[in-house]
Amino acid sequence: MKKKFKCEIDCANCAAKVEEAVKKLEGVNDAKVNFLTQKFTLDADDGRFEDILQQAIAVGKKIEPDFSVAL
Amino acid sequence: MSRKQKKELCKIVAALFLFAFLMLSEKMGMFPSAFGNPWVNFLLYLCPYLLCGLPVLRKAFLGMRNRQPFDESFLMFVATVGAFATGENSEAVAVMVFYQVGEWFQSYAVGKSRKSISDLMNIVPDTANVERENGEVEEVDPEEVRIGDVLRVLPGEKIPVDGIVISGKSMIDTAALTGESVPRAAREGTELVSGCINGEGMLRIRALKEFQDSTVSRILELVENASENKSKTENFITRFARWYTPVVVFCALALAIVPSLVTGNPGVWIYRACTFLVISCPCALVISIPLAFFGGIGASSRKGILVKGSNYLELMSDVHMLVSDKTGTLTEGSFRVSEIIPAEGVPEDALLCLAAKAEEASLHPIAKSIREAWEAFCARGADEADGKYCAGRTDETFGISLGESRNIPGQGVVSVLAGEGLEKIISSDSQYQNSERQKTNPEVKQGGFVFLLGNEELLRSYGVPFEESEHEGKIVYAACLAGSGRPSYLGAILIGDRVKPHAMEALREMKRAGVKETVMLSGDREEYAKAVGRELEMDRVYAGLLPQDKVSKVEELIEELESASNDSGGTVGNAYGNRDQSSDGELCSDGTNRKAVGNGGFPQGDESEELLDKISRCLFRAAVLFNRRSRGRLCFLGDGVNDAPVLSRADVGIAMGSLGSDAAIEAADIVVMDDDLMKIPVLVRIARRTVGIAKQNIVFALFTKLLILCLGAFGFANMWLAVFADVGVAVLCILNSMRLLRG
């Protein structure tokens with residue numbers, strides 16, 4: 001399942017870092033953090049999507065405290 | 001300005017005031033006892049430093065904890081700590097405060113350009129008014145509209161989903177989607193595209209698509225995804241930043257340690273190293289390059305051109321060859337009868353009338369054009385009494401009726417016509433007087449005969465003696481099969497296709513915008529295609545191509561471009577092999593960095609030579625990237641109807657007139673929403689401007705930084721100049737990028 005969220009991210013570099021970290025999570029097929037459009041796209045396993053989403057947000061926050069996702 | 005930005009701004013302004021107050025009082029010698037004590041002095045300056053610099057410090061620590069230490073926060077942290085350590089307290093604060101000013105400005109500028117782009121794309125309807133069965137109107141979210149629902153669109157509202165008008169009349173403003181300022185008329189039966197704005201009248205429409213499949217959603221998705229398809233320049237910058245920061249950090253380290261060992265004056269060299277670090281921040285490039293492309297994409301969408309990615313914009317700036325489909329792209333794709341050439345003894349009007357009758361049931365555009373010509377002829381006949389034909393011809397004049405009709409694909413129609421008028425038409429030709437005719441040809445019924453209408457193949461297969469016309473254009477031949485089986489030729493009808501009104505102008509503009517060669521591909525006969533090509537001053541015309549031929553033709557042309565570039569300017573490219581592979585492959589890949597890190601960041605002897613070699617190779621590649629004589633790009637222009645394979649094979653595929661056509665939007669790299677050819681030169685210009693601005697930024701930022709880096713290393717540049725090299729350059733680059741949004 002692929003879903004797009006509005007997110008807040010401060011710089012292009014931060015976005016790339018968060019993206020990389022989220023991609024490494026288990027069950028994540030693909031992730032994108034777009035700084036210019038401020039969009040977070042998560043493509044993850046259907047069954048555990050919510051779970052993975054929460055994990056992804058947590059990981060993102062750990063790397064970039066300014067990262068937040070509007071659900 | 002967001003809430004966060006306001007908060008940041010307050011902090012920065014407060015820090016700035018505090019800092020100014022401290023500096024003034026120190027310089028004026030107001031509290032000599034306090035400023036005289038190094039510790040008190042340090043603590044005093046620490047206040048404004050922490051006030052605005054805390055987030056930077058936090059980020060630097062987070063980066064180190066997450067083992068991704070090399071970013072600008074880290075650079076700032078090291079530089080300011082170094083400045084404090086050497087007792088340059090005021091400069092440490094200045095660096096942090098101005099760095100934050102720059103950061104704030106960046107976020108403001110990006111936010112602003114993001115907003116101006118989303119305003120451009122402000123086509124999303126907020127609500128939809130659904131008419132329920134009991135006649136009540138309910139306001140719902142557009143996403144809740146189902147196919148078949150009847151919607152009311154009030155004056156001034158956006159059309160929520162793609163639909164068809166059931167009742168009402170209005171003018172529709174499509175500017176947001178097509179950039180076209182003249183509104184389109186809508187009445188019963190008109191198909192409407194979501195996102196357009198309704199004019200004066202109220203419309204009732206039936207939903208044809210759900211919201212997520214409607215044009216508006218598709219376009220938004222496309223534009224949002226566009227910045228994810230990164231251009232080569234952007235990728236280059238990303239890679240560049242990845243190895244640049246570590247290299248700079250180790251250079252600074254070397255600058256701090258080596259000379260101080262030699263000269264024994266560590267304070268000076270540590271200060272210089274810090275200056276060096278501040279200057280080297282890559283943020284100007286990292287942010288302004290994507291911003292330029294984002295702006296270019298935004299500027300195009302305002303003109304009704306959807307670019308699916310920065311990479312296509314970049315390719316578009318380098319288009320050498322414009323290959324275009326003919327029918328429907330350069331020409332209007334609607335046919336009309338241009339000339340009637342009857343055989344001897346056959347009246348012109350009779351031929352047209354027969355043809356119109358024979359094609360009565362056909363939906364083919366050519367059939368339609370013949371019928372239209374006959375209708376026009378009838379209408380005109382009433383006005384013109386020029387003696388040649390009787391005035392006021394109508395369908396009934398010849399009393400013809402259509403019997404059976406059979407369509408032969410790729411050839412034409414064979415139909416049985418009947419009517420007493422027929423005798424009159426063909427009486428001039430004695431062949432038809434053969435009384436035996438009904439008996440010998442089974443297809444011929446009482447009082448009728450077989451009428452052939454189609455291309456030369458059809459006539460040949462029936463053995464009709466005729467002369468192939470030398471005329472340009474599509475030719476439809478007519479013949480009749482009389483009873484004797486001896487067919488006779490009745491004449492030919494020429495079908496023409498009009499060239500689009502702005503085609504000529506657009507092609508000239510394209511040449512002026514830097515396109516070197518224009519090529520036309522067509523499935524039509526050679527003479528006709530050539531004639532259109534001449535009319536439009538195309539450099540080359542390839543005719544008689546089937547859709548699959550077009551793909552191979554485009555491949556051939558791409559190869560041609562490749563060999564042309566090898567011949568002329570291949571020296572740089574050849575020296576480093578195929579540019580596409582080499583520059584992509586290892587622009588100083590991570591391996592280089594790790595080696596340097598593993599060596600304690602203090603490369604010596606062979607190692608350092610190797611590192612230098614790698615750096616110089618990287619720089620050389622950067623130069624190649626700039627001066628590359630890569631092959632010119634080929635751009636294919638089609639209407640997206642049946643040229644999807646060609647669209648995807650070309651370097652850049654542009655689909656024209658695709659408003660509402662999903663297939664075209666899917667297949668093309670760039671979608672022009674209406675069929676205005678003048679958009680293409682506009683697009684080339686925007687592309688060139690975008691890439692130009694991106695390159696200006698790269699050159700300007702790198703050059704300024706390099707210059708001040710050198711000055712800093714030799715002690716000619718202090719922290720203040722360093723802050724300018726960082727923040728000032730970033731701000732200037734961003735401003736430069738933002739020019740695209742205005743134009």
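Only the coordinates and a few stated rules stand behind these numbers; no lab work does. As the structure is a computational prediction, the values presented were derived from the model and not from experiment. So basically every Cβ, Gly included, is an ideal-geometry build from the backbone, and we count neighbours across all protein chains shown.
With point charges of +1 on the Cβ of Lys and Arg and -1 on the Cβ of Asp and Glu, referenced to the Cα centre of region B:44-95, which listed residue (B:82, B:55, B:44) lies farthest in the positive direction of the dipole?
Among B:82, B:55, B:44, the one farthest towards the positive end of the dipole of region B:44-95 is B:55.
Net charge around residue B:23, counting only other residues with Cβ within less than 14 Å of its Cβ (Lys, Arg = +1; Asp, Glu = -1)?
That works out to -2.
Would you tell me the mean number of C-beta atoms belonging to other protein chains that fall within 10 Å of each C-beta in A:36-46, as a whole number?
Numbers: counts 16, 10, 4, 4, 0, 3, 0, 0, 0, 0, 0.
What the average comes to for A:36-46 is 3.
What is the gain in length, in nm to one decimal, between residue B:257 and residue B:696 on full extension, counting 0.36 nm per residue of separation less the C-alpha to C-alpha distance?
Numbers: separation 439, 0.36 × 439 = 158.04 nm, distance 3.51 nm.
Extra length from residue B:257 to residue B:696 when fully extended: 154.5 nm.
Any of A:32/B:695; A:23/B:115; B:308/B:500; B:158/B:209 with alpha carbons more than 22 Å apart? Name them for me. Before the final figure, lay out the partial values.
Working: A:32/B:695 26 Å; A:23/B:115 28 Å; B:308/B:500 26 Å; B:158/B:209 15 Å.
Check vs 22 Å cut-off fails for A:32/B:695; A:23/B:115; B:308/B:500.
When B:509, B:559 are ordered from fewest to most other Cβ atoms inside 10 Å of their Cβ, what list results? Walk me through the numbers on the way to the answer.
Numbers: B:509 18, B:559 11.
Result, fewest neighbours first: B:559, B:509.
With +1 on each Lys and Arg Cβ and -1 on each Asp and Glu Cβ, how big is the dipole of chain A about its Cα centre, in debye rounded to the nearest 20? Walk me through the numbers before you get to the answer.
Details: 12 positive and 13 negative charges, 28 e Å.
Using Cβ point charges on Lys, Arg, Asp and Glu, chain A gives about 140 debye.
Roughly how many Å is it from the Cα centre of region B:493-543 to that of region B:311-331, as a whole number?
Here the two parts' Cα centres lie 13 Å apart.
For region B:631-707 and region B:156-197, compute the distance between their C-alpha centroids and round to whole Å.
About 27 Å separates the Cα centre of region B:631-707 from the one of region B:156-197.
For region B:162-240, which trypsin sites (Lys or Arg not before Pro) pass both filters: DSSP loop (anything but H, G, I, E, B) and at most 14 other C-beta atoms within 10 Å? Write out the running numbers ahead of the final one.
Working: sites: B:169, B:184, B:187, B:204, B:206, B:209, B:218, B:230, B:232, B:239; in loops: B:169, B:187, B:209, B:230.
Sites meeting the loop and neighbour criteria: B:187.
What whole number of Å gives the distance from the Cα centroid of region B:55-106 to the Cα centroid of region B:275-297?
17
Rounded to two decimals, what is the ratio between the C-alpha radius of gyration of region B:635-743 and 2.2 N^0.38 Å?
Values: Rg = 21.4 Å, N = 109, 2.2 N^0.38 = 13.1 Å.
For region B:635-743, the normalised Cα radius of gyration is 1.63.
Ignore the peptide's own chain and count Cβ atoms of other chains within 10 Å of each Cβ in A:8-17; give me the average, rounded.
6
Restricting to Cα pairs below 8 Å that are 6+ residues apart, what does the relative contact order work out to for region A:2-70? Please round to a whole percent.
Values: 111 pairs, mean separation 28.6, N = 69.
That works out to 41 percent.
Which of B:23, A:1, B:538 has the fewest other C-beta atoms within 10 Å, and how do the rest follow up to the most?
On the way: B:23 16, A:1 12, B:538 22.
Listing B:23, A:1, B:538 from fewest to most nearby Cβ atoms yields A:1, B:23, B:538.
Go through chain A and name the GluC sites (Glu not before Pro) that are in a DSSP coil and have 16 or fewer other Cβ atoms within 10 Å of their Cβ. Please list the in-between numbers first.
Working: sites: A:8, A:19, A:20, A:26, A:50; in loops: A:26.
Answer in residue order: A:26.
Would you order B:171, B:28, B:321, B:316 from fewest to most other beta-carbon atoms within 10 Å of each residue's own beta-carbon? Don't skip to the answer; put the middle values down first.
Working: B:171 14, B:28 8, B:321 25, B:316 28.
The order, fewest Cβ neighbours first, is B:28, B:171, B:321, B:316.
So which trypsin sites (Lys or Arg not before Pro) in region B:49-101 end up in coil per DSSP with only 13 or fewer other C-beta atoms within 10 Å?
Working: sites: B:58, B:59, B:65, B:67; in loops: B:67.
Passing sites in region B:49-101 are B:67.
Within 10 Å of each Cβ of B:276-289, how many other protein chain Cβ atoms are there on average? Each step should come with its number before you reach the end.
Values: counts 0, 0, 0, 0, 0, 0, 1, 3, 0, 0, 5, 5, 0, 1.
The shielding value for this peptide is 1.
What is the local net charge at residue B:286, summed over the other residues whose Cβ is closer than 14 Å to its Cβ (Lys, Arg +1; Asp, Glu -1)?
-1
Could you work out Rg/(2.2 N^0.38 Å) for region B:193-321, with Rg from alpha carbons only?
Working: Rg = 25.1 Å, N = 129, 2.2 N^0.38 = 13.9 Å.
Computed over Cα atoms of region B:193-321, the ratio equals 1.80.
So what's the projected area for region B:28-120, the Cα convex hull averaged over all directions, in nm²? Provide the component values of the computation, followed by the final result.
Values: hull surface 32.4 nm².
The directionally averaged projection comes out at 8.1 nm².
Which net charge results when you count Lys and Arg as +1 and Asp and Glu as -1 among the other residues whose beta-carbon is under 13 Å from that of residue B:459?
Values: positive: B:460; negative: B:456, B:457, B:467, B:468.
Value of the local net charge: -3.
What are the semi-axes of the equivalent ellipsoid of region A:2-70, taken as the square roots of 5 times the eigenvalues of the Cα gyration tensor, listed largest first and rounded to whole Å? List each step's numbers first, then the result.
On the way: eigenvalues 63, 27, 20 Å².
Calculated on Cα positions only, the semi-axes equal 18, 12, 10 Å.
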